[in-house]
1. Listed residues N:27, N:35, N:66, N:42; which is touching a Lys or Arg at 6+ places or on another chain (Cβ under 7 Å) and under 30 Å from residue M:40 (Cα atoms)?
2. Considering only residues that are within 8 Å of chain C (Cβ to nearest Cβ) and part of a helix (DSSP H, G or I), look in region D:42-56 and name the one that is surrounded by the fewest Cβ atoms within 10 Å (Cβ to Cβ).
3. Does residue G:66 satisfy the criteria of being among the small types (Gly, Ala, Ser), at the interface with another protein chain (Cβ under 7 Å from one of its Cβ atoms) and touching a residue at least 40 places away in the same chain (Cβ under 8 Å)?
4. Would you mention how many residues in region B:1-16 are at the interface with chain C (Cβ under 7 Å from one of its Cβ atoms) and either among the β-branched types (Val, Ile, Thr) or within 28 Å of residue D:32 (Cα to Cα) (or both)?
5. Of the residues D:90, D:79, only one is farther than 14 Å from residue C:66 by Cα, in contact (Cβ under 8 Å) with a residue 40 or more places away in the chain, out of contact with any Ser or Thr (no Cβ under 8 Å at 6 or more places or on another chain) and hydrophobic (A, V, I, L, M, F, W, C); which?
6. Quick check: anything in region L:22-34 out of contact with any strand residue (DSSP E or B) (no Cβ under 7 Å at 6 or more places or on another chain), more than 22 Å from residue N:16 (Cα to Cα) and either free of Cβ contacts under 8 Å to residues at least 12 places away in the same chain or more than 7 Å from every other protein chain (Cβ to nearest Cβ) (or both)?
7. Give region H:57-92 a look and list any residue that's of a type in the set (Gly, Ala, Ser) and either part of a helix (DSSP H, G or I) or in contact with a His (Cβ under 7 Å, 6 or more places away or on another chain) (or both), or say none.
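The values are calculated or read from the model by the stated rules, or taken from the named source; none is laboratory data. Remember, it's a predicted structure, so these values are computed and weren't measured experimentally. Neighbour counts run over all protein chains shown; Cβ positions are idealised from the backbone, glycine included.
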There are 14 protein chains.
Amino acid sequence: MNNIGLTAMISILAAGLTMAIGSIGPALGEGRAIAQALTALAQQPDEANTITRTLFVGLAFIESVAIYCFVISLILIFANPFWGYVVTKAGG
Amino acid sequence: MNNIGLTAMISILAAGLTMAIGSIGPALGEGRAIAQALTALAQQPDEANTITRTLFVGLAFIESVAIYCFVISLILIFANPFWGYVVTKAGG
Amino acid sequence: MNNIGLTAMISILAAGLTMAIGSIGPALGEGRAIAQALTALAQQPDEANTITRTLFVGLAFIESVAIYCFVISLILIFANPFWGYVVTKAGG
Amino acid sequence: MNNIGLTAMISILAAGLTMAIGSIGPALGEGRAIAQALTALAQQPDEANTITRTLFVGLAFIESVAIYCFVISLILIFANPFWGYVVTKAGG
Amino acid sequence: MNNIGLTAMISILAAGLTMAIGSIGPALGEGRAIAQALTALAQQPDEANTITRTLFVGLAFIESVAIYCFVISLILIFANPFWGYVVTKAGG
Amino acid sequence: MNNIGLTAMISILAAGLTMAIGSIGPALGEGRAIAQALTALAQQPDEANTITRTLFVGLAFIESVAIYCFVISLILIFANPFWGYVVTKAGG
Amino acid sequence: MNNIGLTAMISILAAGLTMAIGSIGPALGEGRAIAQALTALAQQPDEANTITRTLFVGLAFIESVAIYCFVISLILIFANPFWGYVVTKAGG
Amino acid sequence: MNNIGLTAMISILAAGLTMAIGSIGPALGEGRAIAQALTALAQQPDEANTITRTLFVGLAFIESVAIYCFVISLILIFANPFWGYVVTKAGG
Amino acid sequence: MNNIGLTAMISILAAGLTMAIGSIGPALGEGRAIAQALTALAQQPDEANTITRTLFVGLAFIESVAIYCFVISLILIFANPFWGYVVTKAGG
Amino acid sequence: MNNIGLTAMISILAAGLTMAIGSIGPALGEGRAIAQALTALAQQPDEANTITRTLFVGLAFIESVAIYCFVISLILIFANPFWGYVVTKAGG
Amino acid sequence: MNNIGLTAMISILAAGLTMAIGSIGPALGEGRAIAQALTALAQQPDEANTITRTLFVGLAFIESVAIYCFVISLILIFANPFWGYVVTKAGG
Amino acid sequence: MNNIGLTAMISILAAGLTMAIGSIGPALGEGRAIAQALTALAQQPDEANTITRTLFVGLAFIESVAIYCFVISLILIFANPFWGYVVTKAGG
Amino acid sequence: MNNIGLTAMISILAAGLTMAIGSIGPALGEGRAIAQALTALAQQPDEANTITRTLFVGLAFIESVAIYCFVISLILIFANPFWGYVVTKAGG
Amino acid sequence: MNNIGLTAMISILAAGLTMAIGSIGPALGEGRAIAQALTALAQQPDEANTITRTLFVGLAFIESVAIYCFVISLILIFANPFWGYVVTKAGG
C-alpha cells in the first residue's frame, strides 16, 4: 500500500504547485499587457478597435500558457496514468 | 492508517499553498492594470467608457487565473479522488 | 493518535501560511492602485467620481483574491473535512 | 503527550509567522499609497479633502488585509480548535 | 520534560522572528512615506500643515502593523497559553 | 515494487514542475511583447499591419518555448520510456 | 540538562537574528528618508526648519521599529521567562 | 534493480528541469527583443525590412539556446547512455 | 560536556551572523544618504552647512542601528549569560 | 555497482543543470543586445551595416559562453572520464 | 575531543561568513557614494573641496561598518573565548 | 571504492556548476556592453573605430572571466589531482 | 583523526566562500564607481585630474574591503590557529 | 581513508564554487564600466584617451578581484595544505 500513498501525495502536491506557480507568470503578463492597452487607448482613442483586438488576441496567447498548466494539473488529478496503474495493481 | 494521514496532510498543505501562491500573481497584475486604468482615465476622461470596459474584460481574464487556483484548491479539499480512494479502501 | 497530531499540525501551519503569503500580493496591488488613483485625482479633479468609482470596483476585484485566501484559511481551521474524518475515526 | 507538544509548537510558530509575513505586504502597500498621497497633496492642495478621503478609504482596504492576518494569528493562539481537541483528549 | 523544552524553544524563536521579519515592511514603508513627505514639503511649503498631518496619520497606520507584530511577539513571550498549559501540566 | 512507485512519483512531480516553471518565462515575455505592440500601435496606427504581423511571428517564437515545456511534460506523463521499462519488467 | 542547552542555544540564535534581520529595514528606511531630506533642503533652503523637524520626527518613528527589535533581543538574552523556568527547574 | 530506479528518476527529473529552467531565459530575452523591435518599427516604419530581418536573425540566436536545452532534455529521455548501460547490465 | 559545546557553537555563529547581516542595511543606507548629500551639495553649495549637519545627524541615526548589532554581537561573545550559566554548572 | 549508479545519476543531473542554468545568462544578454541594436537601427538607419556587424560579432561572443556550457554538458554525457573509469573497473 | 572539533569548525565558518557577507553592504554603499561624488564634482568643480571632504567622512562611516565585521571575524579566529575555554578544559 | 565514487560525483557536479553559474555574469555583462556600444554607434557613427576597438578590448576582459571558469571546469574533469591520487591509490 | 578531517573540510570551504561571496560587493561597487567616473569625465574633461584622483582614492577604499576578505581567506588556509591546534594535538 | 575522500570532495567543490560565484560580480561590474565608457566616448570623442586610460585602470582593479578568486581556486586545487597534510599522513 506504500506506492498508493506516495503516488497520491505527490500527485496532489504536483497538481497544486503546477497551478499555483503557473499562475504567477500569466497573471503578471496579462496585467502588464492590459495596463499598456489602457495607456494606448488614452493616447489614441481613434484606434480603439485595433488596440482592443490585438489585446484580446494577445491575452489569448498568454491565457493559453495558464491553460496548459490547468490541463496538466487536472490530468494529474483526474487522469493520472501512474495512479491508474498503481491502483489497478493494488486491486489485482 | 498511514496513507490516510499522509494524504490528508498533503491535501491540506497543497490546498493552502495553491491558493496562497496563486494569489500573488493575479493580485499584482490586477493592481497594475487598475493603476494604469486610472492614469488613462485622468488623461482621457472622454474615453471613460472604452477604458472601463476594456479594464473589466481584462480583469476578468486575470481573475480567471486566480479562480483556476481557487478551483484546484477546493477540489483538493472537497473532491479529492486520491482521498476518496484511500478512505474507501480503509473503510473496506 | 499519530494521524490526529499530524493533521492538526499541518492544518494550523497551512492556515497560517495561506493567509500570510496570500496577503502580500493583494496588499501590494491595492497599494499601487490607490497610489495611482491619488495621482489621477490630482491631475483631473473634475473626474473624481469616475476615478473613485473605478478604483473601488478594482479594489473589490483585488480584495476578492485576498478573501479567497481568507476563506481557504478559515475552511482549513473550522471546516476541515480531513480533520473531521480523522477525529471521527479516532472517536469510533 | 506528543501531540500536545507538537500542536503547541506549530501553533506558536504559525501564529508568529502569519503576522510577521503578513505585515510585509500591507506596510509596503500603505507606505506607497501615503507617499503618493503627499505628492498629490503638493500638486493639488485644493483637492485635499477628496485626496485625503480616498486615501483613508484605501488604507482601510489595505489594513483589512493585515487584520485578516492578525485575526488568523489570534485564532491560532487563543481559539485554536485543534489545540482544544488535543487538550480535551489528553485531559480525558 | 520534552514538551517544555520544545515549547520554550519554539516560542523564543517565533517571538524573535515575528518582530524581526515584521520590522522590514513597516520600516521601509515609513521610510518611503517620510521621504515623499519631505519632497512634498519642498514643493509646497504653504501646505506644510496638511502634509504633516496626513503624514502622521499615515505613519500611525503603518506603525499599527509593526505594533501588531510587537503584540504577537510579547504575547508569545509573556502570555503564551500553550506554555501555560504545558508548565501547569508538568507541575501537576 | 519500489522502482515503480519512485518512477511514478518523480514523473508526476517533474511533469508538473516542468509546465509550472516553464510557464513563467513565456507568459512574462509575451506580456512584454504585447504591451509594447500596443504602445507602438498607438504611436503609428498607419503601420498596424506590419506591427501586428511582426508581433504574431514573435509570439509564435515565444510560444514555441512554452510548447517545448508542454511537450516534455506530456512525454513524461504519457510516453515515458523509463516508466515503460519499469512497468514491463514488473509485469514479467 | 538537555532542555537547558536547547533553550540557551535557541535564545542566543533568536536574539542575534532578531537584531540582525531587524536592522535591515530601519537602516534602509532611514537612509531613504535622509537622502530625500537632503534633496529637499537643496531645493527649498528656506524651509530647512520644517524639513528637518519633520525628518527627525519621522526618523524617530522608524527608529522605534528598530528599538522594538532591540528590546525583544535584550529580553531574550537577559529577561527570558522560558530560560528562567528551565533554570529554576534544573536547580530544584 | 536499485540503479535502474535511481537512474530513471534522475533522468526524468533532469529532463524536466532542464527544459523548465532553460525556458526562462530565452522566453524573456525574446520578449524583450520583440518588444523593442515593435518600438523601432513605430519609430522608423521605412526601415521595416532591416529591422525585421535583424530581429529574426537575433531570435534565431536566442532560440538556439532554448534548442540546446531541448536537445539535452530529449537526449536524457531517449538517448541516455547511462540508462542504456544500466539496462543492458540488468538484462545480462 | 555536550551543552558547553553546543552553546559555544551557537554563540559563535550567532555573533558572526548578527554583525554580518546587520552590516548590510546600515552600509547601504549610509551609502544612499551620502550619495544624495553630495548631489545636494553640488546643487546648493551655499547650504553646505545645513546639509552637512543634517547628514551627520542622520548618519548617526543609521550608525546607531549598526551599533545595536555590534553590541548584541559583543554581548554574545563576551557577556553571554547562557554561556556563563552553562560553564558555571559544568565547573561545579 | 553502487559507484556506477551514483556516477550516472550525478552526470545526468549535472549535464541537465549545466545547460539549463547556463542558458539564462546568454539568452538574456542576447535579448538585451538585440533589443538595443533595433533601437540603434531605428535611430541611425544609415549605419545599418556597422551596427549589424558589431551586433553579430557581439552575439558570437555571448553565444560562445552558451556553447562552453553545451560543450561541458555533452562531455559529461558522452565523454565523461569518471564514468569511463567506473565502467571499466566494473567490467574487469 | 568532540567539542574542540565542533568549536573549531564553527569558528572558522563564522569568521569567513562574517567577513564575506559583511563586505557586500559596505562595498556597494561606498561604490554608490563615490559614483555620486564624481557626478557632483563634474557638476560643481568649484566645490571640489567640500564634496571631497564630505565624501571621505562619509566613507569613513561606511568603512567603520566593514571594520566592525573584520573585528568580529578576527576575534572569532584569534581571541575566541569559547575556543579558549574548550582548549583549556581539554588540556586539563 | 567509496572514495572513487564520491570524488567522481563531486568532480562532475562541480565542473558542471562552475561553468553554469560562471556563465551568468559574463553573458549578462557582455550583453550590456554590446547593447551600449550599439547605442553609442548610433549616436556617434564617426567614432565607430574607437568604439568598436574599446568594445572588443572590454569584451576580452569579460570573456577572460568566463574562460577562468571554463579552465577550472576542464581541470576538474581532465586534470583533477584529487582524482589522480584516489585512482592511483585504488590501483595499487 | 575525525577532527582533522572536519577542520580541514570547513577551512577549505570557508576560505573559498569568503573570497567568492566577498568578491561580489567590491566588484559591483567598483564597476559602478568607474562607470560614473567616465560619465563625469565626459561631462567635465577639464576636471579630469580631480575626478581621477577622487576615483582612485575611492577605489582603494572599496578594494580594501575585498582585501579584508582575501586576508581572512589566506589566514584560513595558511595560518589557521584551529588547524594548528588540531594537527599539533594529533601529532603528540 | 575517509579523511582523504572528504578533503578531496570539499576541495573540488570549493574550488569550483569560488571561481563560479566569484565570476558574477567582476563580470557584471566590468560590463557596466565598459558600457558607460562607450557612452562617454560617444559624448566626448575628443577625450578618448583619458576615458580609455581610466577605463583600463578601472578594469584592472575589478579584474584583480576576479584574480583573487582564481588564485584561491588554484591554491585549493594544486597547493592545498590540508590535502598535503592528509595525504602525507595517509602515506606514512
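1. N:35
2. The residue in question is D:46.
3. yes
4. Summing the residues that are at the interface with chain C (Cβ under 7 Å from one of its Cβ atoms) and either among the β-branched types (Val, Ile, Thr) or within 28 Å of residue D:32 (Cα to Cα) (or both) in region B:1-16 gives 2.
5. Matching residue, one of D:90, D:79: D:90.
6. Checking region L:22-34: at least one residue is out of contact with any strand residue (DSSP E or B) (no Cβ under 7 Å at 6 or more places or on another chain), more than 22 Å from residue N:16 (Cα to Cα) and either free of Cβ contacts under 8 Å to residues at least 12 places away in the same chain or more than 7 Å from every other protein chain (Cβ to nearest Cβ) (or both).
7. Within region H:57-92, H:58, H:60, H:64, H:66, H:73, H:84, H:90, H:91 qualify.
The rows are residues; the columns are (1) modelled with pLDDT of 90 or more; (2) in contact with a helix residue (DSSP H, G or I) (Cβ under 8 Å, 6 or more places away or on another chain).
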{"position": "G:5", "(1), (2)": "no, yes"}
{"position": "G:11", "(1), (2)": "yes, yes"}
{"position": "G:20", "(1), (2)": "yes, yes"}
{"position": "G:32", "(1), (2)": "yes, yes"}
{"position": "G:39", "(1), (2)": "yes, yes"}
{"position": "G:53", "(1), (2)": "yes, no"}
{"position": "G:58", "(1), (2)": "yes, yes"}
